[in-house]
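The values are calculated or read from the model by the stated rules, or taken from the named source; none is laboratory data. As the structure is a computational prediction, the values presented were derived from the model and not from experiment. Here the Cβ positions follow ideal geometry from the backbone for every residue, glycine too, while neighbour counts run over all protein chains shown. All accessible areas refer to the heavy atoms of the entire protein, side chains included, with ligands and DNA or RNA removed. Shrake-Rupley method; radii C 1.70, N 1.55, O 1.52, S 1.80 Å.
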Amino acid sequence: MTAQAPIQFDRASGALEGANLWERTAALALSTGSKISQHFSHRGYIYCANLLRKTLPERNIAIKLNADATFEFPYGDGYWSKLLNRSYHYEDELELLFSHSADVDYTLIDCGANYGYWSVLVSSAPFGQHRAIAIEPSSQNFAKLANNACVNGERFELMKCAIGAARGTAHLTGTKHEAFSIAGQVNGQANGGGEDVPVIALDNLIDDGKVRENGKYLIKLDVEGVEIEAIKGGARLLQTDSVILCEEHGNDPDHTVSRYILEQTPLKLIVYDPRSNRLETVTELSILDRIKVSSHVGYNVFGTASVFWQDRINALNANARLQ
């Protein structure tokens, strides 16, 4: 049976094409729900959207992010359907850094790429058509990631593996595509469902000739609890002109990832502070007690030892583009 063509949605114009009456009604509900729930960090949105999804036929929606970027996912998906709300910006501090860096010759290393949102966007013309390497361990997610690579002309590279401290194997479990967890590097048989996946270290990308030791890199680490292991495995790569972009979990009062970056690495820790509307260099972790106001969401923190990228971030602050 031939799959239905995807519904088409243009975020710039708001045009929705290829949807029947019920699918149009659902789009309005998904968009309105996002607009309402964004006032309290979208709490409950994913649950409600996934309930609605059960009433919809199985087909994809293709979101036109810009004139050169299309992002496709199952229609009604609770995590990504917020994009139907045209006022919603997904991880806007990352988007601003990527947008401001359009003229820089860098490579995006997209670890935990999920369906490939950032690889699609960063490789598009408005963002500078950068090289991107999308790394995703989940077979379920990887199929959708590969579809987005196809939809966008195979313009970014794919690797099916997890990121850790060293080469090995890990066991991947979970039911939510945006929140799979790695049980740790293992050898032998796994049980309890899930799948065994290969693990590489960031520095292995240098060893394997995937990246150069003297390049410029933005490294997104969305690796669900193994951020510290990933950082440990990238000591050489992080000595280049690179920035790691990783998630500080809202429900972690100890600020574990940020504490490790600040206290155990040579990297400067940088975080977006809504009070100053700037990307601030952090010397005291107590600032995160104020910034992390929602326990159920993640907050992006940056780490870099690169004078080049620190200067770029200073220029971004000077332009007052953070809204």
TODO: Apply the Karplus parameterisation 6.51 cos²θ - 1.76 cosθ + 1.60, with θ equal to phi minus 60°, to every residue of region 107-117 and state each ³J(HN,Hα) to the nearest whole Hz, in sequence, with x for glycine and proline.
DONE: 10, 8, 10, 9, 8, x, 5, 6, 8, x, 3
Task: Candidate lysines - alpha carbon under 24 Å from Lys160, same-chain residues fewer than 8 apart omitted - done: Lys144, Lys176, Lys210, Lys216, Lys220, Lys232
Task: Computed FRET value (nearest 0.05) for Lys54 with Asn251, which takes r as the C-beta separation and R₀ as 25 Å - done: 0.35
Task: Inter-label distance for Arg212 and Glu154, nm, one decimal - labels placed 7 Å from Cα along Cα-to-Cβ - done: 2.5
Open item on the list: Checking the a/c ratio against 1.5 first, then a/b against b/c, what shape does the Cα gyration tensor give for region 1-101?
Closed with: oblate
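I need the calculated FRET efficiency for the pair Ser99 and Ser41, taking r as the beta carbon distance and R₀ as 25 Å, to the nearest 0.05.
FRET efficiency, Ser99 to Ser41: 0.60.
Might you report the magnitude of the Cβ-based charge dipole of the chain about its Cα centre, with Lys and Arg at +1 and Asp and Glu at -1, to the nearest 20 debye?
My answer is approximately 700 debye.
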TODO: Taking H placed 1.01 Å from N in the peptide plane, check which residues at least 5 places from Val282 or on another chain put their amide H under 5 Å from its amide H.
DONE: Leu269, Ile270, Val271
Task: Accessible surface of region 67-139, 1.4 Å probe, proportion on carbon and sulfur as whole % - done: 43
TODO: Compute the accessible area per residue over the chain, keeping the other protein chains in place, probe 1.4 Å, unit Å².
DONE: 45
Task: Pairwise label distance in nanometres, Gln4 with Ser276, each label 7 Å out on the Cα-Cβ vector - done: 5.0
- [ ] Considering Cα pairs under 8 angstrom that are at least six residues apart, work out the relative contact order of region 196-290 and quote it in whole percent.
- [x] 21
Open item on the list: Per-residue counts of other Cβ atoms within 10 Å, averaged by peptide: what ranking do you get for 134-147, 217-230, highest first?
Closed with: 217-230, 134-147
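Quick one: if the Förster radius is 30 Å, what FRET efficiency do Tyr88 and Thr25 give, using the C-beta to C-beta distance and rounding to 0.05?
0.95
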TODO: Please work out the C-alpha center-to-center distance from region 269-298 to region 110-147 and express it in whole Å.
DONE: 27
TODO: Starting from the Cα of Asp311, move 7 Å in the Cα-to-Cβ direction to define the label point; list residues of region 277-299 whose amide nitrogen is under 20 Å from there.
DONE: 279-281
Open item on the list: With a 10 Å cut-off between alpha carbons and a GNM built on the chain, which of Cys48, Cys111, Cys161 moves the most?
Closed with: Cys48
